[in-house]
Structures are given as C-alpha cells and as structure tokens.
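The values are calculated or read from the model by the stated rules, or taken from the named source; none is laboratory data. Everything quoted here is computed from the prediction, not taken from an experiment. Positions of Cβ are backbone-derived with ideal geometry, glycine not excepted, and every protein chain shown enters the neighbour counts.
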Amino acid sequence: MVEKLFKVAISHNANDIHLSEGIPPTLRIGGRMVRMQADPLTADDIERVMRALTPPRCMVELSKNGYTDFGYDFGDNRFRIAVFRQRGGIGIVMRNFRNVMFSLDELQIPQEVRAAMVHDRGLFIITGPTGSGKTTTMATLIDHINSNCNKHIITIEDPIEIIHQHKLCNVSQREIGVDVFTFADGVRCSMRHDPDVIVVGEMRDVETIRIALKAAETGHLVLGTLHARTASAVVTRIIAEFASDEQDFIRMQLSSSLLGVINQVLIPTTDGKGVASVMEILMNSPSVASLIRQGKENQIIDEIRKGKSLGMVSFEESLRQRCVNKDVDWREATRYSREPETFKTRMEKK
C-alpha cells in the first residue's frame, strides 16, 4: 500500500499525501485537495502504514508527545512523514520533496539576492506560512552556493528534507534527534567545525535566534527560516522574542547582520496543475538598517516599494507580475493580495 501511495503521488506531481480514517487517501495537487479513487481507509490501514514507515525512535516520540515527523527516501524522491494522533486514532501527512533543483532564474531570484549568497558573513531569512515553498527556495540557494563557491556548508534540519550532493562545496547535513538535540545546539557546535555557511532549518526559539545572530556576526553566512506573514514582520518577530532589556542590543545586532529577507506564498497556477511562488524581497539597505535600529519596522514596507534598484520587490508587485505573465489568474490572485480592493481595481483596468 505504501509503495502504491508514493507512486501515485509522484505520477500526479502531488505535494502531499493525507491519510485519515473514513475517507480515501487524499492528494494535494496544485494547492487543491483531491481524493483518490479508492476505498475509505480504516484505522488498521493507517496503523499498518505508520508501522511500515516509522523508525523506532519516532515511535517513542509519538507515544510520548502524540506526534512525530521524519524523512523517508523512496527512490529518487524524499518525503517528510508527519504522524499524529487525532480523535483517538492516527493521521498521517506525507510531503514530497522532489530532489530536483530549480534555478534562481526559474524562481525569479534577483541579482542582489544572488550576490548576498557569496557574502562571508551575515543573516539571510526565508519566511512564509507552512507549505509556502520555503524548503524549495532554501534548497535552491544552497545549491547555488554549492555550485559556485568552495565552501563548507553545514545544515541543521528537522528532518533532513532535500539531500545535497558535494559539488564545489563540502556539505554536512545534520538532523535534529539523530545527529544533534536542538537547533541551538546544532548551530553552536557547528561553529567549531570550520563552517562557511550555516543553514538553520527553523529559527523557532530565542536561543536559536541568539546563536544564529552571533554566528552571522562572527564571520559566517547564516541562512534560516522563520514563520512570519511579511518581510518586515520578520524583524518584529525576532525582536519580540527577547526580553525588553535586550531588545536595543538585538536591534543593533540585527541591523548590522541582516542581509535580506524573502517572504513567499504559493498560489495555484492558471492551468490548475501546479503552484507559482509570489515573493516579497527585502534587502538591508542603510535606510532599512536605520529603521530597524529606531524600532520603525512599520516603515520598512515603504523602503521595499521604492527599493527596486536594490533588488527589493513588494508582495503586491510580485503578485501583479505573476498575473501579467499569466502564471496565475488575477481573480485567484486577488484572494492572496494584502490590498485586495486596490489590486482588483488595478487588474480590472488591464
């Protein structure tokens, strides 16, 4: 059953497989949930899948916490398996991370972001909601460094999602719960392993953010992901993690270390067969750094809007461009706009 599920998902280019009791397996294709033509799953069906996939250490975690996740290789594809208890039974979601690297051109990454990837030090953050393509963008940036620089890249991930081969770089990939206990521990000990680039799978707590900022200050390029709704909200989120008596110092640290932020979402394409990324891009110009130091993050959006020459792109402009290129339908895009009425009026005039 497991092999069949994986093969069907891969053949339909599905991003996720959902297994829930009482309904057939469901695929997420192009952002939409599509149920397979199959019998509804029973509790025993899901239990068998869970036991076939879940390693012993994760069985212990599931029993203790009620959830676990881990990576699983199937041929050339790698899946992140999330197992969780629900309504007294088991639910499973399996995300397909295709080991196919996109180019920076395909993701429409501007030259200024590419230039940031060859910096010797600094912090670059990718943000967006769950399922927004952060993993794909991060993997693309890592692959760009791997293909063009002679460096040592260390990643700390939970779990490892995309396997990077050694190209021009040496790549060490460490998994939470297998190779290291926490993200903070992973970054801290990685600094003793002669890294040039440290990739933090998720900056999810104050200690991880603190050590990531220190690594960026002390001569490392740090790439990390964070959950935030907008690029400017990244700054607010990071500062808010710290106690009030530390915040001025963190503002100074962030203003000097931050290289840039990509905030993104995925929107179903016009043909309904895939998704397109919409990216808001913030680069840390002197004006942006000044706003961070002064605690005026609410004004950063104005810097993004007028910062095209510096590689910045506003979310609304990125969304509009996707519509102009006919990647997405403007009516669908309006649902994602942060200024829907203005966006709708603008697109109706086209």
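Residues satisfying the criterion are absent from the stretch 111-120 (criterion: within 24 Å of V8 (Cβ to Cβ), at pLDDT 90 or above and either within 23 Å of the chain's Cα centre (by Cα) or surrounded by fewer than 17 Cβ atoms within 10 Å (Cβ to Cβ) (or both)).
Exactly one residue out of E112, E106, E161 is in contact with a Lys or Arg (Cβ under 6 Å, 6 or more places away or on another chain) and either on the phi < 0 side of the Ramachandran plot or not assigned by TED's automatic domain parsing to the domain that holds R204 (or both), and it is E161. Of all residue pairs spaced 6 or more apart or on separate chains, those with beta-carbon atoms under 7 Å, a first member in the stretch 243-265 that is in the same structural domain as S132 (by TED's automatic domain parsing) and a second member that is polar (S, T, N, Q) and assigned to a helix (DSSP H, G or I) are I262/T137; Q264/T137.
With the stretch 128-245 as the region, which helices (runs of 4 or more DSSP H) entirely inside it contain at least 1 residues that are touching a Leu at 6+ places or on another chain (Cβ under 9 Å)?
Fully inside the stretch 128-245 and qualifying: 134-148, 206-217, 231-240.
How about the stretch 221-242: which of its residues are more than 13 Å from the chain's Cα centre (by Cα) and surrounded by 24 or more Cβ atoms within 10 Å (Cβ to Cβ)? Outline the logic, then answer.
Keep residues of the stretch 221-242 that are more than 13 Å from the chain's Cα centre (by Cα), which gives 221-222, 230-242.
Listed by number, the residues that qualify are L221, V222, A231, S232, V234, V235, I238.
Residues in the stretch 17-32 that are surrounded by fewer than 19 Cβ atoms within 10 Å (Cβ to Cβ) and at pLDDT below 95: G31, R32.
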